[in-house]
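Contents: one structure, followed by commentary.
Where a number appears in this text, it was derived from the coordinates with a stated rule and is not lab data. Here the structure is a predicted model, which means the values were calculated and not measured. Don't worry about glycine lacking a Cβ; one is built from the backbone with ideal geometry, like all the others, and counts go over all protein chains shown.
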Amino acid sequence: TQLLEQSPQFLSIQEGENLTVYCNSSSVFSSLQWYRQEPGEGPVLLVTVVTGGEVKKLKRLTFQFGDARKDSSLHITAAQPGDTGLYLCAGEGRSQGNLIFGKGTKLSVKP
Amino acid sequence: KAGVTQTPRYLIKTRGQQVTLSCSPISGHRSVSWYQQTPGQGLQFLFEYFSETQRNKGNFPGRFSGRQFSNSRSEMNVSTLELGDSALYLCASSWPGLTDTQYFGPGTRLTVL
């Protein structure tokens, strides 16, 4: 069974702090996606990483795909209250159209 | 370009009833996937449709079913509702051949009393 484990589950920090969220698996994924979800809304795609070792930056967010394509991380620099939300990593399962999701990291950034 | 739309946004039903949820994908997207999201289990895959055919199905009972129309719009149906079916039901669409990158709708919040 393909699983994605995210850590930490909860994170509460002050505005301006840095943080890293991890997404790990024992399985190889052809790509991994990161989503952010706000309460009562659907997940919004942030990035897709495809190549082992790839690093992508989106303003203050840096995403990295592990060399073996089994893990990924999301680093946020100088977090702001607008970064608050549920961060989810996902990878396509063995069948098309079936994304496997981690349980998510609930981030709260306090002003 | 309009995003994925889902209707209704909220539903309240009682046990034993059935419900139909609707999803309109992004224009040009032909693959539609459905997920159930609960606090305990997170997002779990229900099924995926492409060109009116169900290609893949998750590990849910037969009470959960779906279909896709020729314009790629999709519906899912849950019969004989149980309390545990209370969840946020999310629909996502993707380009053909790029099913790993999915775009989600806002979801339908189903409450079963």
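Cα centroid distance between region A:18-52 and region B:12-32, in Å?
Cα centroid to Cα centroid, the span is 25 Å.
Quote the Stokes-Einstein diffusion coefficient, in whole µm² s⁻¹, for chain A, based on the Kirkwood radius over alpha carbon pairs, a temperature of 25 °C and a viscosity of 0.890 mPa s.
Stokes-Einstein gives a translational diffusion coefficient of 176 µm²/s.
Please list the non-local residues whose amide H lies under 5 Å from the amide H of B:Ser31, H modeled 1.01 Å from N, same-chain partners needing a gap of 5 or more.
Long-range HN contacts for B:Ser31: B:Ser94.
What are the lysines whose alpha-carbon lies under 30 Å from the alpha-carbon of A:Lys110, with same-chain residues fewer than 8 places away excluded?
A:Lys56, A:Lys57, A:Lys59
Measure off 7 Å from each Cα along the Cα-to-Cβ vector at B:Thr111 and A:Gln14, then give the distance between these two points in nanometres to one decimal.
It works out to 3.8 nm between the two label points.
Which of B:Tyr49, B:Tyr103 comes first, and how do the rest follow, when ranked by fewest Cβ neighbours within 10 Å?
B:Tyr103, B:Tyr49
Using the Cβ atoms and a cut-off under 13 Å, what net charge is assigned to the surroundings of A:Val44, where Lys and Arg are +1 and Asp and Glu are -1?
-2
Apply the a/c threshold of 1.5 to the C-alpha gyration tensor of the protein assembly as shown and tell me whether it is rounded, prolate or oblate.
Judged from the Cα gyration tensor, the protein assembly as shown comes out prolate (a/c at least 1.5, a/b above b/c).
Provide the net charge surrounding A:Ser95, with neighbours chosen by a C-beta distance below 12 Å and charges set as Lys +1, Arg +1, Asp -1, Glu -1. Write down the numbers at each step before the final one.
On the way: positive: A:Arg94, B:Arg55, B:Lys57; negative: A:Glu92, B:Glu48, B:Asp100.
Net charge in that neighbourhood comes out at 0.
Taking chain B as a Gaussian network, Cα atoms linked when under 10 Å apart, which of B:Ser24, B:Ser70, B:Ser51 shows the biggest mean-square fluctuation?
The residue that fluctuates most here is B:Ser70.
Could you give me the radius of gyration and the Dmax of region A:2-57, taking only the C-alpha atoms into account and expressing both in angstrom?
Taking only Cα atoms of region A:2-57, I get Rg and Dmax of 13.2, 35 Å.
Could you go through region B:25-38 in sequence order and give the Karplus-derived ³J(HN,Hα) for each residue, using 6.51 cos²θ - 1.76 cosθ + 1.60 with θ = phi - 60°, rounded to whole Hz, and x for Gly and Pro?
These are the phi-based 3J(HN,Hα) values: x, 5, 4, x, 7, 10, 9, 10, 10, 10, 9, 10, 10, 10 Hz.
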